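Heads up: the structure comes next, in structure tokens.
The values are calculated or read from the model by the stated rules, or taken from the named source; none is laboratory data. Note that the structure is predicted; figures quoted are calculated from it, not measured. Because the Cβ atoms are built from the backbone with ideal geometry, glycine has one as well, and the counts that use them run over all protein chains shown.
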Amino acid sequence: MKKLRPWLLLAVIIGVGILVSFLAARPESLISTDHVALIELSGTISYEGSPISLFGSPLTPERVKEMVEYVSQDPSAKAVVLFINSPGGSAVASEEIYQALKELSEEKVVVSYIAEYGASGGYYIALAGDVIMASPHSLTGSVGAISILINYYELMERLGVKAETFKSGSMKDIGNPWREMTEEERELMQSMIDSIAKLFEQRVREERGDKVKDWDEVLSARPYTGTQALEAGLIDRVGTLEEAIELARELAGLPEDAPAEWVRPKAPSLLEILLGGTARGHLKLSYEVLMMWPLPSLPEPYELVLASCPGAKS
């Protein structure tokens, strides 16, 4: 038996990948029974290929919009629970996701549920819900912005390493780690952070209003447990995911036995994996203001195990 030529073997692999991708891309059959849609919003908030996405699987505006569109077009999805487990991330991506979820809340009942983390950008996107519920032991709040710049100037000076920078304007290399920052640059960076934080504050004021007990404390950007966040007025209730589902049923006028169905980000297709479509690409220079708590780290890989919920199908 003759061996397949390399080019023919490659063509077969690509052909199979295209077929699988086509089948995977077809919309799933909509559930005819009135139900609660559970949208999973887990991970660091960023754009695909952003440096922030190096800290784990990203929660991108593109993926969120796909899930929102799917639920929005499903007439039998009478209510939505946003399952949020995010420490935050990009300020720009957080605002974009918030706007997408806010549009969904104008069409359907939306309950935000904060599981383990709903801090900073994770809390930002939770604001889109009609009601915010959290696990009593979750970490949430951290209303503010942060940007961390690492400077190697003194270390490089001791090693005798020098870097020459050629620029068209005095602020063109702001944040350059190879030299000391000037006071003017520090003031500019702080003004940008304050501007980002101001929009975050505005969103919290729009959605929470008089519910917040102490604005000075909240705007210190401190994190809260779910129980503390309830006392501070940042959330409406503490409870379990099942209780959030029950609340969504109640607000939408659904029966107690109405099912709940998960809506998760689409997994990469075989073709995307074969052609490297999910690769992160090069770590490119970009302007990113982080709204993340705790600060980014590189933890050991872990698997989020969702608690089993009666009536919720995977």
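Only one entry of Leu155, Leu104 meets the criterion of being at pLDDT below 95, on the phi < 0 side of the Ramachandran plot and either outside any loop (DSSP other than H, G, I, E, B) or touching a helix residue (DSSP H, G or I) at 6+ places or on another chain (Cβ under 8 Å) (or both), and that entry is Leu155.
Starting from residues that are among the hydrophobic types (A, V, I, L, M, F, W, C) and within 26 Å of Val80 (Cβ to Cβ), keep the ones in segment 219-241 and report whichever is surrounded by the most Cβ atoms within 10 Å (Cβ to Cβ).
First, the residues of segment 219-241 that are among the hydrophobic types (A, V, I, L, M, F, W, C): 219, 221, 229-230, 232, 234-235, 238, 241.
Okay, now just the ones that are also within 26 Å of Val80 (Cβ to Cβ), so 229-230, 232, 234-235, 238, 241.
Numbers: Ala229: 26, Leu230: 19, Ala232: 20, Leu234: 27, Ile235: 29, Val238: 20, Leu241: 20.
That would be Ile235.
Ala115 meets each of the listed conditions (1) in contact with a helix residue (DSSP H, G or I) (Cβ under 8 Å, 6 or more places away or on another chain); (2) assigned to a helix (DSSP H, G or I); (3) among the aliphatic types (A, V, I, L, M) apart from (2).
Results for (1) modelled with pLDDT of 95 or more; (2) more than 11 Å from the chain's Cα centre (by Cα), shown as yes or no for each residue.
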| position | (1), (2) |
| --- | --- |
| Leu30 | no, yes |
| Val36 | yes, yes |
| Leu41 | yes, no |
| Gly49 | no, yes |
| Arg63 | no, no |
| Met67 | yes, yes |
| Ser72 | yes, yes |
| Ala77 | yes, yes |
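Among helices (runs of 4 or more DSSP H) entirely within segment 160-256, having at least 3 residues that are closer than 30 Å to His35 by Cα singles out 183-208, 226-232, 241-252. If the condition is being surrounded by 14 or more Cβ atoms within 10 Å (Cβ to Cβ) and more than 16 Å from Val92 (Cα to Cα), then segment 189-202 contributes only Met189.
Candidates are the residues of segment 80-133 that are closer than 18 Å to Tyr70 by Cβ and polar (S, T, N, Q); the one that is nearest to the chain's Cα centre (by Cα) is Gln99. Criterion applied to Ala128, Ala145 was being in contact with a strand residue (DSSP E or B) (Cβ under 6 Å, 6 or more places away or on another chain) and buried (at least 16 other Cβ atoms within 10 Å of the Cβ), and the one residue passing it is Ala145.
Being touching a strand residue (DSSP E or B) at 6+ places or on another chain (Cβ under 7 Å) and in contact (Cβ under 8 Å) with a residue 24 or more places away in the chain narrows it down to one residue among Leu241, Leu219; which is it? None of the other options fit; the residue is Leu241. Screening Arg179 with (1) among the charged types (D, E, K, R); (2) touching a Phe, Trp or Tyr at 6+ places or on another chain (Cβ under 6 Å); (3) loosely packed, with under 12 Cβ neighbours inside 10 Å gives one miss only, at (3). With respect to the stated conditions, Lys213 fails to be within 23 Å of the chain's Cα centre (by Cα) and among the basic types (Lys, Arg).
Determine whether segment 51-58 contains at least one residue that is at pLDDT below 95 and either closer than 17 Å to Ala128 by Cβ or of a type in the set (A, V, I, L, M) (or both). Among the residues of segment 51-58, at least one is at pLDDT below 95 and either closer than 17 Å to Ala128 by Cβ or of a type in the set (A, V, I, L, M) (or both), which makes the answer yes.
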